[in-house]
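For reference, the structure discussed in these notes is given below.
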Amino acid sequence: VPRIGLTTWSGNKRMIKAATESGMSLEAQIRLVRYYQGQYYDSVRYGITRKEFELTHKWSVSTINDPIERKNIAKTILNDLPQWFGIPSSTQTYIDECQHMTMLAIKDQGKPVGFISLKFTKKTTLEIYVMGVLSDYHRQQIGSRLILESIKYAKINGYQLLQVKTLDDKHPDQHYALTRKFYRHHEFIDLECFDSLWDDPCLILVKAL
């Protein structure tokens, strides 16, 4: 079975809660098509693919609420990734700023192995400020799991776009070529390149939710 799902109406809060807690994501919403006791409600469809289900059960994601723990997680993981975070001053800025943002993290037997920090930018847009996975845990779908959880978080909180900044294709760095490939695989699309936002050309990618 490649996918399971359900369709209900927006007034059925218990069914919606069951869907989201089981890992399903909102896939479709048709507004004001169900009429009940003098009021119109939306029709909503939730679903989860086999791949998403397997990711959900392989790696559990937790929200990190303690600012000090956020900082320590960011420090440990970003310092393990000099290919992406090789400028000490910039890396320290990421570490410091992570204290004040929503952080989702994956742990392996209590050890943080991956995290993503989310930054509010506009009422409709949530930004992936920084994400990292310990080098020994690459290619284990941890990054994909964090993206899926970030999408769920964004939808629940009413955001319509998820955006991320990275180096543009103009830059020859092969590690950031992998970064762009990762986001494009998750259906982020190129929005715009700013040559003067950073010292190097900055590409903004977005994903509609």
Relative contact order for the chain, counting Cα pairs under 8 Å that sit 6 or more residues apart, in percent: 14 percent
Between segment 153-209 and segment 51-112, the alpha-carbon center distance in angstrom: 19 Å
Long-range amide H partners of W9 with built H, under 5 Å: V44
Acute angle (nearest 10 degrees) that the helix 88-98 long axis makes with the longest principal axis of the chain, alpha-carbon atoms: 30 degrees
Highest average packing first - 14-27, 103-116, 142-155, Cβ atoms within 10 Å: 142-155, 103-116, 14-27
Nitroxide proxy distance, nm - points 7 Å out along Cα→Cβ at T93 and L32: 4.6 nm
With Cα atoms, 0 to 90° folded angle of helix 67-78 axis to the chain main axis: 60 degrees
With 5 Å bins from 0: P(r) over the chain, alpha-carbon pairs, percent: 1, 7, 13, 17, 19, 16, 11, 7, 5, 3, 1, 0, 0
222 nm mean residue ellipticity, helices alone, for the chain (DSSP H n ≥ 4; -39,500 (n - 2.57); rounded to 500): -10000 deg cm²/dmol
For segment 192-202, Karplus couplings with θ = phi - 60° (6.51, -1.76, 1.60), whole Hz, Gly/Pro x: 6, 10, 10, 6, 10, 5, 10, 5, 10, x, 9
Acute angle (nearest 10 degrees) that the helix 142-156 long axis makes with the longest principal axis of the chain, alpha-carbon atoms: 50 degrees
Neighbourhood charge, 13 Å Cβ-Cβ cut-off, centred on D108 and excluding it, Lys, Arg +1 and Asp, Glu -1: +3
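Just so you know, all these numbers are worked out from the coordinates, no wet-lab data involved. Not measured: the values here are computed from a predicted model. Positions of Cβ are backbone-derived with ideal geometry, glycine not excepted, and every protein chain shown enters the neighbour counts.
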